[in-house]
Amino acid sequence: PASESGSAPPEPPPSLAGTFLCPDTTMRASFERASSAWAASAAGSTFGGPHPASSAAAHAEAPPPPLPSAPSLEELSAPPRPSSLLPPFPFSGTLEKRSEFMGVWQPRHVELEVGILRYFKDGCAEPRGIFRAGDVFEIYASPPTTVMLRARESGGDERTYELRAASYEGMDMWVALLRKAFNMNEEAGAIAHSDHHIGERRMSTASSGSSGAVSSFASQAFGRTAAVVASTVSGIAKAVGKDVWLDETVEQAKVGIADARHSFARGMEQQLEDALTRCDDGKTDMLLDKALDYGMTGDWQPAVVRRAARRAAGRTLRDATESADPQRLKGALVAARRLQAVDVPEFETAVAKYKEVRRFPEGWDVKKMIMHRQAGTKRLLHKVDLSANHTVKALVQLMFDRTMRRVETRDRAGGVPLALEVVQVCEVQNEAQWEDYLIRRENIKQDIDKSMVDTRTGRALPSDFRFASAETEKPLSEAQALAASEDLRVKIPASAKSHGQILAPNPFSETKLLLFAPAEHDYSSDCVFAMRDLIANELPGPPLETLANEAWLFHGTKPVAAESIASNNFRLDLAGSSAGALYGRGIYLAENCTKADEYCRPDPRTGLLTMLLCRTTLGKLFYSAEVKPDTRICEQACLTGDCHSVLGDRKACRGTFREFCVFDEDQVYPNYLVNYRRVMPGVG
């Protein structure tokens, strides 16, 4: 106890006294009693006196950290720092760049030297944008943390780029560095503060500082108590050497902790009730945060905390929905989950708005993405098992069947299978990857649009532009024709099982269709289904972008690697580590499932293999039909030239397969995880 250590227990700062119930006073008496009981038990035992480690002096409490001070009005309105205080060139750091297309902020690594600025996506060796001397026209700050850059990228139009720093000071430094790098005078780049911005930021900083100090002080109060308990018990156990009496003393400690916790909860409830009655939203939010920090959730959540949580969640969700700002919407949705208030009416409205502004595909379940979000991460990710959807499963099977070519290459380990049977289809709903993919696809569309030429009949693509015409297009067209045929019927015998395989005649091909029996029937007698009820006419999600040369392609890898790609994206630093890099260190994809299958390995637990079915933006293709292509030429055509991907036509030069290679992971979205099995000759 602090009273035995010779120093008074720390008290909250005077400016925050009475803001919330401090647990130190309430807990002190309970733990003094518990500590006395432990000391008496140890001193009276036959194994000797108390161990020095259990003395109160060994547990002297450290004072809480000082309150963070809010910057003064003079500090906020101070002129930019002199050049002599700036770091030297070249300089690099991280800023968030706002995408005009999606309205989202994306982290970018920025490299700055005299007369040139480059920004990169993390993990990419080639810059996403370059500004040189003469490309930058104006640099200024937009408090609280945004750097505004009016400039023109090479070959592009003049526009304003928004780059967000981590703090006000960071913004100030970046503005000064940029102005120095591009030799702009002080007047041109002066920070355009307004009294409103300064006052707003000052109030925000002071508020967050106070809240953080309150949380820190209260957390330390419980944390110090837990440390005393743990250290005391450990010391006594070492001194005594036996735990005959340990259960009893631990129970006494638990009673002390429970008393302190209940006293704190009662005080918190009283203050919350008072804040709700007076409609003090600021104090309600602060007290609510503290209540959740101390575990007042679930069955232990008092009614007043639930009321406060619902009110706070509803208010925050309404404000975020009206703003239509994706960051505020995401924050409000995540906060509502944390407050256990996802059942408020405003939650569904905010989900719909968030889905709209993020341009998520129609079938994505944003609510489940929010609910499955892992603590401590910003990523929203949900993997949906579509195996029960027999129509989608049948369409993926058709894509496998129609792109199957029994051709063996040197990358094939073992014989070529007769067929690949789809077992499970899982849709990947990954917010971050989808945003990056859409933004990159839009950029490539703009590049292609700029390259179009004017003709007598209108604008046309340049003569060297080549569409992918991937073989995956044929089964998708076939499925559309099958689903559109109203007269086609399929008889499923009574012997069929739910989700069992069905071989049905195909009016458009001599090859039979492999379909799957719907689950909603018991099949006690023969059933007849319309063909459109057994196969989907398209894969879920928006249609492919023709101008961006978007295609469905396969990527084969190990099951664990496929799961990692679906969760965390491709890694270009691992490109070529599995089977070489014939066309450069990029991401390789195939239009034939047989080619992708060469790089798949069975799961040792299930024996199944996993393949990724990916949306891929190919853009302008660099075509190569050489037996031994020059890797450097292929890479440079895409990294520094006007191409976006490589089409390696091994079918033309070797009679095997066409391969596609991209050098930017944002050009590939791993849309589906497909688990399947190989059907080998002479087996089954």
Counting only protein heavy atoms and a 1.4 Å probe, tell me what percentage of the stretch 578-662's accessible area is made up of carbon and sulfur.
50
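Could you tally the net charge around Ala350, taking each other residue with its Cβ under 11 Å from the Cβ of Ala350, Lys/Arg +1 and Asp/Glu -1?
My count for the surroundings of Ala350 gives +1.
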Determine which lysines satisfy two conditions relative to Lys330: a Cα distance under 20 Å, and not lying fewer than 8 residues away in the same chain.
Lys97, Lys353, Lys355, Lys367, Lys368, Lys378, Lys383
Simple spin-label estimate for Thr455 and Glu153 in nanometres, 7 Å along Cα-Cβ
2.8
Applied in sequence order to the stretch 451-461, the curve 6.51 cos²θ - 1.76 cosθ + 1.60 (Karplus, θ = phi - 60°) yields integer Hz couplings, x standing for Gly and Pro, of 7, 5, 10, 8, 10, 5, 9, x, 7, 9, 5
Hz values of 3J(HN,Hα) by residue in the stretch 423-440 - Karplus curve (6.51, -1.76, 1.60), Gly and Pro given as x
10, 8, 10, 10, 8, 9, 10, 10, 4, 4, 5, 5, 4, 4, 5, 4, 5, 5
Name the long-range amide H neighbours of Phe182: under 5 Å, sequence gap of 5 or more, or other chain; modelled H, no Pro or chain starts.
Gly115
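So which chymotrypsin sites (Phe, Trp or Tyr not before Pro) in the stretch 420-478 end up in coil per DSSP with only 13 or fewer other C-beta atoms within 10 Å?
Numbers: sites: Trp434, Tyr437, Phe465, Phe467; in loops: Phe465, Phe467.
When the chymotrypsin sites (Phe, Trp or Tyr not before Pro) of the stretch 420-478 are filtered for loop state and at most 13 Cβ neighbours within 10 Å, Phe467 remain.
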Select from the stretch 449-506 those GluC sites (Glu not before Pro) which occupy a DSSP coil region and have at most 16 other Cβ atoms within 10 Å, ordered by residue number.
Glu486
Give the cross-link partners of Lys445 among the lysines, using a straight C-alpha distance below 18 Å as the criterion and excluding same-chain residues fewer than 8 apart.
Lys620
In the stretch 270-374, trypsin sites (Lys or Arg not before Pro) in a DSSP loop with at most 12 other beta-carbon atoms within 10 Å
Arg278
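The values are calculated or read from the model by the stated rules, or taken from the named source; none is laboratory data. On a predicted model such as this, the values are computed, not experimentally measured, just so you know. As a convention, Cβ positions derive from the backbone with ideal geometry for all residues, glycine included, and neighbour counts pool all protein chains shown. What goes into the accessible areas is simple: the full protein's heavy atoms, side chains included, and nothing from ligands, DNA or RNA. Shrake-Rupley method; radii C 1.70, N 1.55, O 1.52, S 1.80 Å.
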